[in-house]
Every structure is written in structure tokens, then in C-alpha cells.
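Working notes for the structure below.
The values are calculated or read from the model by the stated rules, or taken from the named source; none is laboratory data. Quantities reported herein were computed from a predicted structural model and do not represent experimental measurements. In this analysis, Cβ positions are derived from the backbone assuming ideal geometry, glycine residues included, and neighbour counts consider all displayed protein chains.
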Ligand SMILES: [Zn+2]
């Protein structure tokens, strides 16, 4: 595989993990695939991408090398994404709960 194909946005996995982490503690909102995907897209659109060239296919990102400010931003945006999407879910006209 060409090295250029190894350029990955490491934010993707971080955001996915953060969403799962926060949703685990929430029983009051919809966690369907559509809502989760919307939360994911919202958070990705509101955070700067972190593109890296991953050698050896390593796409695991160590959050501890991020600045405290960046970690705070990620948490804030993910919580905002959950809030925005859960208030205006797009999962059709079916009942939320
Ligand atoms: Zn939903």
C-alpha cells in the first residue's frame, strides 16, 4: 500500500470512543445508529482534523500526547453533539424511546 493511503484523521477514532463513553451513561436519549452517526458527523465538523501518516497501519491515537486544551475541546464538542442531536433526532418519525 502506498504511504499516501496511510494518511488518517486520528480524530475519527477519538471522537467515536468519546461518543460511546458518554452515551454509556445516558439512558434518557436515543442511541440508534442514525443518531450516533449524526453525533459523530457533528463532532467531526466542529473539531480540527488531526491528519497523520500512520506507518505500520497504526491508527491508534494516544490521547495523552494531546494538549489539555485539545482534550477539553473534544469533550465539549462531543457533549454538544449529543445534546444537539438528541434534541433534534433525524431517525424518522418513530418514537424516540
Ligand atoms: Zn435515534
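Numerical summary
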item: Selection from segment 31-50 of residues that are in contact with a strand residue (DSSP E or B) (Cβ under 9 Å, 6 or more places away or on another chain) and outside any helix (DSSP H, G or I); result: 49, 50
item: Per-region count, segment 20-30, residues within 13 Å of the ligand (Cβ to nearest atom) and either assigned to a helix (DSSP H, G or I) or surrounded by 16 or more Cβ atoms within 10 Å (Cβ to Cβ) (or both); result: 3
item: First in segment 19-36 and over 14 Å from residue 81 (Cβ atoms), second anywhere and modelled with pLDDT under 95 and near the ligand (Cβ under 8 Å from one of its atoms), Cβ under 7 Å, 6 or more apart; result: 32/91
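To keep it simple, each residue is scored yes or no on (1) modelled with pLDDT of 90 or more; (2) touching a helix residue (DSSP H, G or I) at 6+ places or on another chain (Cβ under 7 Å).
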residue	(1), (2)
16	yes, yes
31	yes, yes
35	yes, yes
39	yes, yes
45	yes, no
62	no, no
74	yes, yes
82	yes, yes
